[in-house]
Amino acid sequence: MNARKLIIGIDAGGTKIRGVLMSADKIIKRAEMFHGVSRVTKVIFLRTLYAVLDALYVRPRTVQLSGAGARAEKVAAIGIGLPGIIAHNRVVGAGNVKVLTTLNIQKLARDKYHTNVVLDNDVKVALRAEAEAFNVKPKSRGIKQRGTKQFSKYKSIFMLTLGTGIGAAWWRNGEVMRGSFGTAYEFGQMVLDKKKNHFLKLEDFCARKFFKTKGITPLVSEQKARAGSTYHKKLWREFGNNLGIALANVINLIEPECIIIGGGIAHAWPLFAPAMKRTAKKFTLSKPARKKTKFTQAKLGKWSGAIGAALLAVMICRHRKTL
C-alpha cells in the first residue's frame, strides 16, 4: 500500500459494526458500535454504518500524515465485509441479516463519502487478514504489505467463524477461493440430518443454535463452565466433538495445512478445543494430516474482518478487480 494512501475497512453484521482506518500496514483509528436492537431494520443498519464511518473519517474527510512533505490525504477506498452471499457488490443471500438484500450498500456509501467502495463476504475478508497475519515473517510488525516479497508459512488455510451461525472460507496459494460461481465454502449450510418437518444443518450442532436448544446462550454456558459446572463443561466437550467431526470432513476433503477458528464463540477455546482436536484427528484419514494439521484461534481477534476488508480495498484500488 502506498505509504500515504488511506483505506477504511468495515466489518458489518447483524449485532454490531466495526471499522479501521489504515495507512500502509498501520491501523490509525478503530471504531465499533452496536445496533442496539434484536431485529435490525434498514434505517438502523445504515445509521450504525454511517456512525462508524463518520468516526473513522477525520474532519474534513482527510488526515494529516507525518513525514517530510506530508499533506492531507483523502480516503482512497472503503472495503466492507458483510454476512451472506455477495455477487457484483450486492448482497444476494443474507443469511441471518435478511435486510441486507434490500440495500445497495455500495452505492449508498459511495454516494455519501465520494470514494471507491467494494463489498465481500465477511469471512472471506477476515480470512484475507488472518492469512496475511499467519504468513508474515516472525520479525515483521503488523500486516504484511502487498507487493513485498512473499513469505508463505501456510499455502492452504481454512477458516471458520462460530457465532449465531457458521461462516467459512478457504485460502489457497495466496487467494481466497470462490468456486465456479463465487459463493463456495458455505460450510455451515451443510445438511446433516432430517427431522419431521425440517433439516438439521451444521449450524445446529456447532453454533449458537446448539446452546439455544439447551435453553441457554453460549456466553452464559461459558461462564458457568469456567466457574466449575460439570454439566456445562460437558456441553462444551459435546460442542467440541461436533466441531471436530465437521473439521475432519474438511481435512479429508481439501487437506488444509492450518484451520483457524474465529467468531464470538471462539472466546471459549479452552473449553472446546481439546475435544475438537481429539475428534478431528480420530476421523482424519491421512496419517500426515493427523500429525501436521494446525488448529488455532484467529490471531487478529475481533478486528480481523475490518482489517481484511481494508486489505480487499487496497487490492481493488491496485488491480481494479470486480467481485
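Does at least one position in the stretch 97-114 carry a residue that is surrounded by 14 or more Cβ atoms within 10 Å (Cβ to Cβ), out of contact with any Leu (no Cβ under 7 Å at 6 or more places or on another chain) and either at pLDDT below 80 or closer than 30 Å to residue 273 by Cβ (or both)? Scanning the stretch 97-114, I find at least one residue that is surrounded by 14 or more Cβ atoms within 10 Å (Cβ to Cβ), out of contact with any Leu (no Cβ under 7 Å at 6 or more places or on another chain) and either at pLDDT below 80 or closer than 30 Å to residue 273 by Cβ (or both), so the answer is yes. In the set (1) buried (at least 16 other Cβ atoms within 10 Å of the Cβ); (2) of a type in the set (Lys, Arg); (3) at pLDDT below 90, residue 124 fails one condition alone, (3).
Taking every residue in the stretch 290-314 that is of a type in the set (Phe, Trp, Tyr) and pairing it with any residue that is not in a helix (DSSP H, G or I), at least 6 positions away or on another chain, the pairs with Cβ-Cβ distances below 6 Å are 295/259.
Is it the case, given these coordinates, that residue 86 is within 21 Å of the chain's Cα centre (by Cα), modelled with pLDDT under 95 and β-branched (Val, Ile, Thr)? I'd like the intermediate steps shown before the answer.
Numbers: within 21 Å of the chain's Cα centre (by Cα): yes; modelled with pLDDT under 95: yes; β-branched (Val, Ile, Thr): yes.
Yes: the conditions hold for residue 86.
Restricting the stretch 264-306 to residues that are part of a helix (DSSP H, G or I) and of a type in the set (Val, Ile, Thr) leaves a set whose member that is modelled with the highest pLDDT is 279. Residue 284 falls short on exactly one of the conditions (1) farther than 16 Å from residue 156 by Cβ; (2) over 21 Å from the mean Cα position of the chain (by Cα), and that condition is (1).
The residues listed here are 74, 42; of these, the one that is touching a Ser or Thr at 6+ places or on another chain (Cβ under 9 Å), at pLDDT 90 or above and more than 22 Å from residue 123 (Cβ to Cβ) is 42. Taking the residues in the stretch 127-162 that are modelled with pLDDT of 90 or more and among the β-branched types (Val, Ile, Thr) as candidates, determine which candidate is nearest to residue 266 (Cα to Cα). Checked the stretch 127-162; the qualifying residue nearest to residue 266 (Cα to Cα) is 161.
Looking at the stretch 169-263, the helices (runs of 4 or more DSSP H) lying wholly inside it that each contain 3 or more residues that are small (Gly, Ala, Ser) sit at 230-254.
The values are calculated or read from the model by the stated rules, or taken from the named source; none is laboratory data. What you see is a predicted model; the values in this text were computed from it and never measured. Virtual Cβ from ideal backbone geometry, glycine too; neighbours counted across all protein chains shown.
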